[in-house]
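The values are calculated or read from the model by the stated rules, or taken from the named source; none is laboratory data. Please read all numbers here as calculations on a predicted model, not as lab measurements. Glycine also receives a Cβ, built like all others from the backbone with ideal geometry; neighbour counts cover every protein chain displayed. For the accessible areas, the whole protein counts, side chains as well, though only heavy atoms, and no ligand, DNA or RNA atoms are used. Shrake-Rupley method; radii C 1.70, N 1.55, O 1.52, S 1.80 Å.
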Amino acid sequence: MTIFKSKVYHQHPHVNNELRELGMRQLYDEGSKTFSYLIWDKETEEAIIIDPVASEATRDAMLCTNLHLLYAINTHVHEDHINGANALKKKIPGLKSVISKASGAEADEYLDDGDAIHFGNRFVTDISTPGHTSHCMSFLLVDGKAILTGDTLLLNGRGLILPN
């Protein structure tokens, strides 16, 4: 994993074509009232999902039929998301679950503040953002052009913030 602390934390870039070229789909689960994010590299079709929900594992697996889903990443430990990663792992061979090392939860891979998760030619960078829980993480997309905050920060019911 790669650390980009000085570059990522001090940049406030404008959204440009690079973000638009990234495949991203916001997914909603009515039962838990939570969002998940499926993100992929359009060139390689490698993908990640952030905060999957257990009750939507079948839907999410179907959405990944033409993608190679590498990681199910959780921004924090709550039953709906942790169980979502485990449910997806049963449907998608080779999928790895990922969470903050500080969470104490079981996963295949653990993140420290500043780690990057690569998928295809893209990556997301982990930022420790305690708030909703003491071990919450947010993820910077495309060299800091957007951030997924999960439940750490909710703005109009969304966990995605795009800079002005």
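The table that follows gives values for the structure above.
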{"item": "Strands (runs of 3 or more DSSP E) fully within the stretch 1-70 counting 3 or more residues that are of a type outside the set (Val, Ile, Thr), under 15 Å from the mean Cα position of the chain (by Cα) and modelled with pLDDT of 85 or more", "result": "23-29, 34-40"}
{"item": "Check on residue 89, within 16 Å of residue 38 (Cα to Cα), open to solvent by 70 Å² or more (accessible area, probe 1.4 Å), at pLDDT 90 or above and among the charged types (D, E, K, R)", "result": "no"}
{"item": "Top-ranked residue in the stretch 43-70 [being touching a residue at least 60 places away in the same chain (Cβ under 8 Å) and open to solvent by 50 Å² or more (accessible area, probe 1.4 Å); ranked as farthest from residue 88 (Cα to Cα)]", "result": "43"}
